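> First, the structure itself, so that you have it in front of you.
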Amino acid sequence: MFKFIYNSNSLEDQVESINIPKNAFAYLNWFFEEQKNPNNESNVNKYIDSLQFFIMGNSYIAISFKNLYQIYKERNKCNVADHLIFPILFNLMHGLECWLKSGTLSISYLYNLEGKIKKSHDLEILYSEFKCNVINTSLGSIINKYIELNFIEDFISNLKLNNVRFDFARYSSFESGGVSQSQFYCGYHNICIDMSLLLQFYFYLIQDFRTLISYILTCCEYNEVPNESGYAAFIAEGPDFKFDDISDIDTFIYQHILGVI
């Protein structure tokens, strides 16, 4: 049997028996294990779900951004983007979905709103829910003064304009009314993605939206109501970066997306 999933309690014995270095393992429980609420007790770590959505979103955005960036910098050798654009876009959309759900859950926790998120993968629905909560809280003034979210709205509108389903990057067809239907790109039209503009979208997403969600989560941790001065101090203390001046893509991802250094 080809075993690749181990219980960490017996990991050291396994490492010694198969002679594999310890850093050859990827741990699935990183931030999740210590933060879970095993007994489902009320009012215990209420914002943990939003934090875990944020962590998961970081991971999907990181791998998506790295793949696209490397393909673009290598000048799309062998036209490999025609194949890899699908997992790249899937990871982007799923990562954004996780961040939106993280933001909505965090706001619900901070302002004692209805604590459920819509059971949907539709970015338009999730973004509308997030934006509605932002506008109706003190976060609205922060958005108006510091952050421009039109780039997300433009991205979603562009998807809608092309009749893009949420699963377009997962399957080339879908079932509707018992009949198999092709996705919007299956046909004679030359549907393409401008990778340079998509990279700019990632930049704004990481710089503005991820920073906002990170700030909201920090407010949850310290049980503070978000305010303009608090956000100004938060971004002033954070690391600064320029998209045109990325000398090391791995360091950029570790620091600005995954937050591991």
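> Within region 237-261, work out how many residues are closer than 22 Å to Trp99 by Cα, modelled with pLDDT of 85 or more and open to solvent by less than 100 Å² (accessible area, probe 1.4 Å).
12
> Of all helices (runs of 4 or more DSSP H) completely enclosed by region 141-231, which ones contain at least 3 residues that are open to solvent by 60 Å² or more (accessible area, probe 1.4 Å)?
Result: 150-161, 195-204.
> Across region 110-134, what is the number of residues that are exposed (fewer than 15 other Cβ atoms within 10 Å of the Cβ), touching a helix residue (DSSP H, G or I) at 6+ places or on another chain (Cβ under 7 Å) and either part of a loop (DSSP other than H, G, I, E, B) or modelled with pLDDT of 95 or more (or both)?
Looking only at that region, the number is 6.
> Does Leu105 meet the test of being outside any loop (DSSP other than H, G, I, E, B) and among the hydrophobic types (A, V, I, L, M, F, W, C)?
So Leu105 fits the description; yes.
> Let me ask you something else. Please count how many residues of region 89-110 are of a type outside the set (Asp, Glu) and without any contact (Cβ under 8 Å) to a residue 60 or more places away in the chain.
9
> Another one. Condition test on Ser64, is it buried (at least 19 other Cβ atoms within 10 Å of the Cβ), at pLDDT below 95, in a helix (DSSP H, G or I) and touching a helix residue (DSSP H, G or I) at 6+ places or on another chain (Cβ under 7 Å)?
Against the criterion (buried (at least 19 other Cβ atoms within 10 Å of the Cβ), at pLDDT below 95, in a helix (DSSP H, G or I) and touching a helix residue (DSSP H, G or I) at 6+ places or on another chain (Cβ under 7 Å)), Ser64 does not qualify.
> Out of region 232-246, which residues are in contact (Cβ under 8 Å) with a residue 24 or more places away in the chain and assigned to a helix (DSSP H, G or I)?
Ala232, Ile235, Phe243
> Out of the residues in region 204-233 that are modelled with pLDDT of 95 or more and of a type in the set (Phe, Trp, Tyr), state the one that is farthest from Thr137 (Cα to Cα).
Phe209
> Could you go through region 122-144 and let me know if any residue there is closer than 16 Å to Asn91 by Cα and under 15 Å from the mean Cα position of the chain (by Cα).
Yes, because at least one residue in region 122-144 is closer than 16 Å to Asn91 by Cα and under 15 Å from the mean Cα position of the chain (by Cα).
> Return the residues of region 145-169 that are within 22 Å of Phe184 (Cα to Cα) and under 17 Å from the mean Cα position of the chain (by Cα); say none if nothing qualifies.
Matches in region 145-169: Ile152, Glu153, Phe155, Ile156, Phe166, Asp167, Ala169.
> Among the residues of region 69-109, which ones are open to solvent by 10 Å² or more (accessible area, probe 1.4 Å), of a type outside the set (S, T, N, Q) and touching a Ser or Thr at 6+ places or on another chain (Cβ under 6 Å)?
Scanning region 69-109 gives a single hit, Leu105.
The values are calculated or read from the model by the stated rules, or taken from the named source; none is laboratory data. What you see is a predicted model, and the numbers here were worked out from it, not measured in a lab. Because the Cβ atoms are built from the backbone with ideal geometry, glycine has one as well, and the counts that use them run over all protein chains shown. SASA here: full protein model, heavy atoms, side chains in, ligands and nucleic acids out. Shrake-Rupley method; radii C 1.70, N 1.55, O 1.52, S 1.80 Å.
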